[in-house]
Amino acid sequence: MILPFTNKIWFYPKVIDFRKQLNGLIILVVDTLGRNPGSGEIFIFRDRTGKKLKMIYFDGKCFWLLACRLEQGRFKLPKKSDTAVSISINQLTWLLSGLSMQNDQEKPVV
């Protein structure tokens, strides 16, 4: 699987229940974000501790659920809020590399 970086990437900074699996996250995308989970966009969610991320993505054939857990330290995440933000591929790279994704301008969902 290769993620297409031409589609939007959405980061939801509000803490979610990390017991949610794929179906629960798809419902969250539809009901809370008002987005289409089958759009090919990437949706990223965080846990309470800041040590775990979950991402969902639809590649045209199947849904992918990706999980990332740090063994040491925490991700440098923006403040917890109810507003999802569109982030760039650079911000995603920074986030996964342990850098702050605040270096680039965030675009709130309207």
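In segment 77-110, which residue that is modelled with pLDDT under 80 and not in a loop (DSSP other than H, G, I, E, B) is nearest to Lys52 (Cα to Cα)?
Met101
Kindly indicate which of Thr83, Thr93 is of a type in the set (S, T, N, Q), under 13 Å from the mean Cα position of the chain (by Cα) and farther than 18 Å from Leu25 by Cβ. Steps first, please.
Working: Thr83 fails: farther than 18 Å from Leu25 by Cβ.
Going through Thr83, Thr93 in turn, the sole match is Thr93.
In segment 51-93, which residues are free of Cβ contacts under 8 Å to residues at least 12 places away in the same chain and closer than 19 Å to Thr6 by Cα?
Result: Lys61, Cys62, Thr93.
For segment 57-76, how many residues meet the condition of being surrounded by fewer than 17 Cβ atoms within 10 Å (Cβ to Cβ) and not in a strand (DSSP E or B)?
Looking only at segment 57-76, we keep the residues that are surrounded by fewer than 17 Cβ atoms within 10 Å (Cβ to Cβ), and these are 59-74, 76.
If we keep only those that are not in a strand (DSSP E or B) as well, we get 59-62, 70-74, 76.
Count: 10.
Among the residues of segment 7-23 satisfying the criterion of being in a loop (DSSP other than H, G, I, E, B) and hydrophobic (A, V, I, L, M, F, W, C), which is farthest from Leu70 (Cα to Cα)?
Initial filter on segment 7-23 (in a loop (DSSP other than H, G, I, E, B)): 7-8, 16-21.
This time we only want the ones that are hydrophobic (A, V, I, L, M, F, W, C), so: 16, 18.
Numbers: Ile16: 17, Phe18: 14 Å.
Among those residues, the one meeting the criterion is Ile16.
Of the numbered conditions (1) modelled with pLDDT under 95; (2) over 12 Å from the mean Cα position of the chain (by Cα); (3) exposed (fewer than 14 other Cβ atoms within 10 Å of the Cβ), Gly50 satisfies every one except a single condition; which is it?
Answer for Gly50: the failing condition is (3).
Would a scan of segment 24-45 turn up a residue that is among the β-branched types (Val, Ile, Thr) and part of a loop (DSSP other than H, G, I, E, B)? Give the steps one after another, and end with the answer.
First, pick out the residues of segment 24-45 that are among the β-branched types (Val, Ile, Thr): 26-27, 29-30, 32, 42, 44.
Narrowing further to those that are part of a loop (DSSP other than H, G, I, E, B): none.
Checked against the condition, which is being among the β-branched types (Val, Ile, Thr) and part of a loop (DSSP other than H, G, I, E, B), segment 24-45 yields no hits at all.
Only one residue in Leu28, Leu53 is closer than 20 Å to Leu96 by Cβ and touching a strand residue (DSSP E or B) at 6+ places or on another chain (Cβ under 8 Å). Which one?
Leu53
The values are calculated or read from the model by the stated rules, or taken from the named source; none is laboratory data. As the structure is a computational prediction, the values presented were derived from the model and not from experiment. All Cβ positions, even for glycine, are placed from backbone atoms using ideal geometry, and neighbour counts span all protein chains on display.
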